[in-house]
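Reviewing the structure listed below.
The values are calculated or read from the model by the stated rules, or taken from the named source; none is laboratory data. Given the structure is predicted, the values throughout are model-derived calculations rather than measurements. Surface accessibility is based on the protein's heavy atoms, side chains included, excluding ligands, DNA and RNA. Shrake-Rupley method; radii C 1.70, N 1.55, O 1.52, S 1.80 Å.
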Amino acid sequence: MRLSFVAVTVLLAACGPSSSVDEHVGVVGDLDTSEAGITAFVRDGRYTTWLAESAPRDSVRSHGPKVRVFFNDVLAESMRAGNATHPPGSITVKELYDSEGKTLRGHALDVKVSEGAGKDTWIFFEGLGPDYGDNYYGRGHSTCHGCHEDSGRDYVATPLPE
């Protein structure tokens, strides 16, 4: 039981607390970029038809032990073109799983909300189910962007699946 508490504490420290400001910048595709809108989007599974990794895999950095990443068409096309900066409307969703890769524990979502480069062009979200009551959310989130900026791919850390 203690190990679970430590693992959750490390996971929560990875992205820090939610922004006190709702970063809603409108609707991107069918995604309302408010914290409530993103929570509803991932809970409803509206991303599950997107290009995705075939199965949960070991997480490389944070977000827990196992993850599976989905890419919307806007982001996938930009990545295939080798763009250094992705267009607004680019979205990636990461499903967060337990260590067995069987139980979905939550979601992380990044959405590009404005032109250009830099952390403030993205809204970062991480929410753990089942109640999603204490999400990590914010534009250019002060901790989340740290791992994503190291990617060298405009804050998208995961390559497209083959």
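Key figures
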item: Listed residues ASP120, ASP32, ASP154 arranged by accessible area, highest first, probe 1.4 Å; result: ASP120, ASP32, ASP154
item: Heavy-atom accessible area order for SER62, SER90, SER54, largest first, 1.4 Å probe; result: SER54, SER62, SER90
item: Table column - 3J(HN,Hα) (Hz), the stretch 90-101, Karplus curve with 6.51, -1.76, 1.60, x for Gly and Pro; result: 5, 9, 10, 10, 10, 7, 10, 10, 5, 5, 7, x
item: Additional length obtainable on full extension of the chain from VAL60 to LEU160, 0.36 nm per residue less Cα span; result: 34.5 nm
item: Solvent-accessible surface (1.4 angstrom probe) belonging to LYS66, in square angstrom, nearest 10; result: 40
item: For the stretch 33-44, 3J(HN,Hα) per residue [Karplus equation, 6.51 cos²θ - 1.76 cosθ + 1.60, θ = phi - 60°, Hz, x = Gly/Pro]; result: 7, 5, 4, 5, x, 5, 4, 5, 4, 6, 4, 7
item: Rounded if a/c under 1.5, otherwise prolate or oblate - the stretch 19-117, Cα gyration tensor axes; result: oblate
